1. State which residue is modelled with the highest pLDDT when the search covers only segment 157-170 and only residues that are under 15 Å from Q13 (Cβ atoms) and touching a helix residue (DSSP H, G or I) at 6+ places or on another chain (Cβ under 8 Å).
2. Show the residue pairs that are 6+ apart or on different chains and have beta-carbon atoms under 6 Å apart, the first residue being within segment 293-307 and at positive phi, the second being surrounded by fewer than 18 Cβ atoms within 10 Å (Cβ to Cβ).
3. Restricting to segment 92-122, count the residues that are assigned to a helix (DSSP H, G or I) and touching a helix residue (DSSP H, G or I) at 6+ places or on another chain (Cβ under 9 Å).
4. Look through segment 347-363, keep the residues that are assigned to a loop (DSSP other than H, G, I, E, B) and modelled with pLDDT of 90 or more, and return whichever of them is nearest to F321 (Cα to Cα).
5. Within segment 36-61, count every residue that is without any contact (Cβ under 8 Å) to a residue 60 or more places away in the chain and of a type in the set (D, E).
6. With the condition kept exactly as written, say whether any residue in segment 237-245 is of a type in the set (A, V, I, L, M) and part of a helix (DSSP H, G or I).
7. Being out of contact with any Cys (no Cβ under 7 Å at 6 or more places or on another chain), exposed (fewer than 15 other Cβ atoms within 10 Å of the Cβ), part of a helix (DSSP H, G or I) and not hydroxyl-bearing (S, T, Y) narrows it down to one residue among L201, L253; which is it?
Amino acid sequence: MLLRTKEFIEQQQLLSSGDTVVIGVSGGSDSVALLDILHRLDYTCVVCHCNFHLRGAESLRDENFVRELAASYRLPFIKADFDTVAYSKLHGSSIEMAARELRYNWFEEMRCIHNAQAIAVAHQQNDAVETMLMNLARGAGIRGLTGIRPQNGYVVRPLLPLFRHEIIAYLKERNLQFITDSSNDNLNHTRNFIRHEIIPLFEKINTGFCRTMQQTNAYLSGTEQFYLQAIQHWTEKAVEKLDDITVISITELRASPAPETLLFEILTPFGFNPPTIADIHAGLDAIPGKTFFSSNNCFRLIKDREKLIVIRINREPKNAFLIEQGAEAIFYPVNLAFTVVENSTSFQFQHDKNIAYVDFDKIQFPLKIKRWEQGDWFVPFGMKGRKKISDFFSDNKLNLIEKENAWLMCTASQDIVWVVGHRSDNRYRIDEKTRKILVVSYFPAS
């Protein structure tokens, strides 16, 4: 088994001989085997142990066991104490997720402090099979079905090709002791339920089920490489990034070999779950304006005419921001520059929707920048009658995102002077009586 692990490390290029490795050691069978194997392969090992304080005296027992284990190898022992329950409540995550985040964040700190080449953790092939089944049950894509990767950044898994029974046999042969976590028998944990209840059922059908899954994992990993190339190709054709907005072309989406699959890969990173993505796909022919929300409630997707628009949910309060007379520029909430010039026949007007020309003597300071609201109206430049802002947006075919991101520049008396970046108000236009011109330039965020 020592030789198999050595060959796997070299094949996957996980570690360089003689370098320092931070090893996560819980005291269980897998981590004890990992420590023994890497020590025998002459890596410089730093033993790191996390005490999550979730099992009372048993947590202290584990810590003391790992401390003595490190001492038996004459290796440095470092431990961290975590209030896992408090962290879980603070971040709104499960205990399992909280422990994972705490563990890997701390391991990375230790890697940097000890100038280690990698963080070695003790996942083995049974863990990979369990992960594949968990992801399958939760509706993961092909990447979820490839189980656990040999390497993820600085985290490496040298024992991944080995099965649990092989590791136990190795420990017996080496006369190495290990401890058992009582929570491993708690069937309320999904992984434990799969390990103790689901996998035995598959083994009744196929006694070599886990080894078959290992072979399937190898096939899927190869298939994944072709799959990811195709996804990247079609994503580049279908997706456009505009500032903090992601625009997906429905035309290009439909032209792809598997539109719903492509949509899954594009939207999953934003937090949209598979049922919602299926609903979005089914609604490609829906009327514009249909809205979907990510499961983390951080993003929403709006179905436009021939586009799907993804935007981070704007939690910015709808305040009015004041602009005092004499201001030369503001940079929040929008970028505006102000210049006052004398009106003359030599003055050159530019036909640019991002520049407004206002009769300086007609306006009242302080000016205000605010979001539009239902009922707001103005008199569009070149017209005599007033028009609701909502109707102006509809006439100009602004989508919902563009409407929500629109700003109004108003006078102190609440009259709208300019729909920023779109159209100014006819009541404040330049005429033959104008003496001074307020030039307002809008610079969209890049």
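The values are calculated or read from the model by the stated rules, or taken from the named source; none is laboratory data. It should be emphasised that the depicted structure is a prediction, and the values quoted were computed from it without experimental measurement. Quick reminder, even Gly has a Cβ in these numbers, built from the backbone with ideal geometry, and neighbours come from all protein chains shown.
1. Step one: list which residues in segment 157-170 are under 15 Å from Q13 (Cβ atoms), which gives 157-158, 160-161.
Among the residues that remain, those that are also touching a helix residue (DSSP H, G or I) at 6+ places or on another chain (Cβ under 8 Å) are: 158, 160-161.
Numbers: P158: 96, L160: 93, P161: 92.
Looking at residues that are under 15 Å from Q13 (Cβ atoms) and touching a helix residue (DSSP H, G or I) at 6+ places or on another chain (Cβ under 8 Å), I get P158.
2. Note: no pairs meet the criteria.
3. Filtering segment 92-122 down to residues assigned to a helix (DSSP H, G or I) leaves 95-113.
From what's left, touching a helix residue (DSSP H, G or I) at 6+ places or on another chain (Cβ under 9 Å): 95-99, 101-102.
Number of matching residues: 7.
4. Across segment 347-363, the extreme among qualifying residues is I363.
5. Residues flagged as without any contact (Cβ under 8 Å) to a residue 60 or more places away in the chain and of a type in the set (D, E) within segment 36-61 amount to 1.
6. Initially, segment 237-245 is screened for residues of a type in the set (A, V, I, L, M), giving 238-239, 242, 245.
Now restrict to residues that are part of a helix (DSSP H, G or I): 238.
Scanning segment 237-245 turns up at least one residue that is of a type in the set (A, V, I, L, M) and part of a helix (DSSP H, G or I).
7. On the way: L253 fails: exposed (fewer than 15 other Cβ atoms within 10 Å of the Cβ).
From the options L201, L253, the qualifying one is L201.
Residue-by-condition table, conditions (1) loosely packed, with under 13 Cβ neighbours inside 10 Å; (2) in contact with a Cys (Cβ under 9 Å, 6 or more places away or on another chain); (3) under 26 Å from N135 (Cβ atoms):
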position	(1), (2), (3)
E240	no, no, no
E265	no, no, yes
P274	no, no, yes
S294	no, no, yes
I313	yes, yes, no
Y332	yes, no, no
